[in-house]
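The structure under discussion appears below in the form of C-alpha cells.
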Amino acid sequence: MSTDIRSLIEAAHQGNWSPLIEESRKAPGKHWAEEARCSNQDIDIFVPLGDGPREDPETVKSKLGTSLNRPRNLCASCPLAVAARCLVESLRDDDEFGIRAGLLASERSALRAAWQQRANEEAVQSALQGCTAALSKVERDAVIARFATDPSLEPAAVARGLGVTHEYLLKLARRYRHKLKSRPAAPPPVHRADAA
C-alpha cells in the first residue's frame with residue numbers, strides 16, 4: 001500500500017473523510033475500475049479464506065502469510081485515485097469481505113463502522129437549505145443539532161429539508177436543547193496552588 005493511501009486511511013480513522021472522498025472523485029465514472037491493477041486478475045486472490053470482518057487482522061496476516069503478498073502488492077501499485085475509489089465504494093456498499101485498497105476485510109471493520117456513523121456534510125448543508133434528500137440518522141441528527149443551536153437558520157427551509165412540519169421541527173429542536181442542558185457539565189479545570 002502506498003504512503004499516500006495510508007495517509008488518506010489514517011485521516012479517515014481520525015474522522016476526516018474529506019481527503020479520501022476528494023481523492024476518490026478523481027476516478028470518476030462507471031468505468032473507474034478498469035484502471036485498477038486487479039482488473040483481469042483472478043478475483044479469488046482478493047478474497048482470502050480466513051479473513052472476515054470479525055477476525056483479528058494480525059491473526060489473519062499471521063495465518064495467511066505470504067499468500068497476501070500478491071493481492072496487496074497489486075493494490076499498492078494501483079493509482080491513488082483508483083485505490084481511494086475502491087475503498088470508498090466498499091464502505092458505501094458496506095462490503096464486509098475481500099481486500100480493498102490494500103486493506104483486508106478485518107482491517108476495514110473499524111472504518112466501516114466509522115463510515116456508517118459519519119455525517120455527509122453536503123447532505124446536511126442541503127437539508128439546512130431546504131433540499132429534501134434521504135438522510136441517515138446521523139445526518140438527520142446533525143441537521144437538528146445545527147438548527148437548534150443556530151438561530152440564523154430559516155425554520156421553514158430546514159423543516160422542508162427534513163421533510164417534517166414546522167411545528168415538529170421546533171419540537172425536535174426543543175428536545176435537542178433540553179438534552180444538551182441535562183447532560184452533566186464538564187468538571188472545571190483543577191488549578192494547583194503549586195503550579196506557577
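The values are calculated or read from the model by the stated rules, or taken from the named source; none is laboratory data. Keep in mind it's a predicted model, so treat the numbers as computed, not measured. Virtual Cβ from ideal backbone geometry, glycine too; neighbours counted across all protein chains shown. Side chains are part of the model used for accessible areas, which takes the heavy atoms of the whole protein and leaves out ligands, DNA and RNA. Shrake-Rupley method; radii C 1.70, N 1.55, O 1.52, S 1.80 Å.
If the requirement is being over 26 Å from the mean Cα position of the chain (by Cα), surrounded by 12 or more Cβ atoms within 10 Å (Cβ to Cβ) and of a type in the set (D, E, K, R), which of these qualifies: Arg177, Arg183?
Arg177
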Can you tell me which residues in the range 1-60 are among the acidic types (Asp, Glu) and more than 15 Å from Gly102 (Cα to Cα)?
Glu22, Glu23, Glu34, Glu35, Asp42, Glu55, Asp56
If Arg160 passes every condition in (1) surrounded by 12 or more Cβ atoms within 10 Å (Cβ to Cβ); (2) among the charged types (D, E, K, R); (3) within 27 Å of Ala113 (Cβ to Cβ) but one, which one does it miss?
(3)
Just to verify a result, which residue in the range 26-35, among those that are in contact (Cβ under 8 Å) with a residue 40 or more places away in the chain and under 22 Å from the mean Cα position of the chain (by Cα), is surrounded by the most Cβ atoms within 10 Å (Cβ to Cβ)?
Ala27
Would you tally the residues in the range 84-94 being open to solvent by 10 Å² or more (accessible area, probe 1.4 Å) and at pLDDT 90 or above?
3
Output for the range 115-157, where each listed residue is within 15 Å of the chain's Cα centre (by Cα), open to solvent by 50 Å² or more (accessible area, probe 1.4 Å) and either among the basic types (Lys, Arg) or more than 30 Å from Asp93 (Cβ to Cβ) (or both)
Lys137
Selection count where residues are in a loop (DSSP other than H, G, I, E, B) and either in contact with a His (Cβ under 6 Å, 6 or more places away or on another chain) or β-branched (Val, Ile, Thr) (or both), scope the range 127-173:
3
